[in-house]
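Inspection log for the structure reproduced underneath, given as structure tokens.
The values are calculated or read from the model by the stated rules, or taken from the named source; none is laboratory data. All figures in this text were calculated on a predicted structure; none of them were measured in a lab. Don't worry about glycine lacking a Cβ; one is built from the backbone with ideal geometry, like all the others, and counts go over all protein chains shown. Quick note on the areas: whole protein, heavy atoms, side chains included, nothing else; ligands and nucleic acids left out. Shrake-Rupley method; radii C 1.70, N 1.55, O 1.52, S 1.80 Å.
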Amino acid sequence: MKSFFKTGLYLLVSVLLVFSLVGCSSTDEVVDESNGDEDVLTGTITIAGSTSVQPVSELLAEEFMALHPGTTVYVQGGGSSTGIKAADEGAAEIGASSRELKTEEKALNEVVLAKDGIAIVVHPSSTVEDLTLEQIRDIYAGVITNWKEVGGPDKAIVVVTREEGSGTRSAFEEIVMGKDNPISDQAIVQNSTGSVKTTVAGDENAIGYISLSALNADVAAVKVDGAAISVETIISGTYKVSRPFIYVTKGEPQGLAKAYLEFAISAEAQAIIEEAGLVSIY
């Protein structure tokens, strides 16, 4: 009888111990109570780089944080080269570039976010509505210096460009200027897309270049070789001054950065990109 009591007591203690261990076990995964098969995203990441990519990054970050309230996505400018360097050195989880990566940067992981056209812009009152690539090149090289040389009034052309390191400038130099035609040192240098637009909007003799997504009624986009800038002409290839928007990471993205990049190329995010005036990757 005593032996039976001891056996029963042992079994009872064992069962209680098992339930106690199960109840005290933990896991590194945090599960969303509203959807038991998905993990809650939490944490903070920084996206830094191109000021052309910055506005659409801000839109995507806002939507991403709305979908995942436990996350914070900081979006900063600074230029494409700055963003690429920040990602490479770990100062930012994601770098944003509005130009193709250079050979020495190709070790970074890249994700094409969208396609963009570079609008050649003048003051809304300008009578010049169409320029060839060669004319634009000569204007920026300082060969053509008066609007009358391209069908406009007898006024000196005020050339506005972006700073060194800007992805928009790098793309413009590659597509329009070529290797042997540097931008004139007489050009006014501005350090953001917004500054270029403001300068051109305030000077009836100015010319500049900005992202399609930044184009509005403050400035007028000229045709290039007869093609007006639009989503359709960028897709068809008839508008030649276009470039990719790229996100870069050092190595394969992990954690929150990976989740954000997967969102950025999702159908939902690409719809936001199209609404912003860019060309979807789909």
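General remarks:
- So E274, is it part of a helix (DSSP H, G or I), farther than 25 Å from G165 by Cα, open to solvent by 50 Å² or more (accessible area, probe 1.4 Å) and in contact (Cβ under 8 Å) with a residue 40 or more places away in the chain: yes
- Residue in region 233-249 that is open to solvent by less than 60 Å² (accessible area, probe 1.4 Å), touching a residue at least 40 places away in the same chain (Cβ under 8 Å) and assigned to a helix (DSSP H, G or I) present: yes
- Qualifying residue in region 84-105 (condition: closer than 30 Å to G202 by Cα, open to solvent by 40 Å² or more (accessible area, probe 1.4 Å), touching a helix residue (DSSP H, G or I) at 6+ places or on another chain (Cβ under 9 Å) and of a type in the set (K, R)): no
- Region 251-266, residues that are in a helix (DSSP H, G or I) and either open to solvent by 60 Å² or more (accessible area, probe 1.4 Å) or of a type in the set (G, A, S) (or both): G255, A257, K258, A259, E262, A264
- Of the strands (runs of 3 or more DSSP E) that lie entirely inside region 74-180, those containing 1 or more residues that are touching a residue at least 40 places away in the same chain (Cβ under 8 Å), closer than 21 Å to V231 by Cα and acidic (D, E) span 109-122.
- Of the residues making up region 187-211, just one is in contact with a Gly (Cβ under 6 Å, 6 or more places away or on another chain) and either over 19 Å from S80 (Cβ atoms) or modelled with pLDDT under 95 (or both), namely V200.
- Pairs with Cβ under 8 Å, 6+ apart, first in region 184-199 and closer than 15 Å to S213 by Cα, second part of a helix (DSSP H, G or I) and open to solvent by less than 70 Å² (accessible area, probe 1.4 Å): T193/T168; T193/A214; G194/A214; K197/A214
- In this entry, T44 passes the filter for residues that are in contact with a strand residue (DSSP E or B) (Cβ under 9 Å, 6 or more places away or on another chain), surrounded by fewer than 13 Cβ atoms within 10 Å (Cβ to Cβ), assigned to a strand (DSSP E or B) and at pLDDT 95 or above.
- Taking region 147-179 as the range and being open to solvent by 20 Å² or more (accessible area, probe 1.4 Å), within 19 Å of G83 (Cα to Cα) and either touching a Phe, Trp or Tyr at 6+ places or on another chain (Cβ under 7 Å) or not charged (D, E, K, R) (or both) as the test, the residues that pass are G165, S170.
- Residue check for A221: farther than 23 Å from I94 by Cα, under 24 Å from the mean Cα position of the chain (by Cα) and open to solvent by 10 Å² or more (accessible area, probe 1.4 Å): yes
- Single condition A114 does not satisfy, out of (1) more than 21 Å from Q190 (Cα to Cα); (2) surrounded by fewer than 20 Cβ atoms within 10 Å (Cβ to Cβ); (3) not hydroxyl-bearing (S, T, Y): (2)
- Check on A221, modelled with pLDDT of 95 or more, under 21 Å from I136 (Cα atoms) and of a type in the set (A, V, I, L, M): yes
- Some residue of region 194-216 being on the phi > 0 side of the Ramachandran plot and either surrounded by fewer than 18 Cβ atoms within 10 Å (Cβ to Cβ) or touching a Cys at 6+ places or on another chain (Cβ under 9 Å) (or both): no
- Test result for V189, closer than 30 Å to F263 by Cβ, open to solvent by 50 Å² or more (accessible area, probe 1.4 Å), among the hydrophobic types (A, V, I, L, M, F, W, C) and part of a strand (DSSP E or B): no
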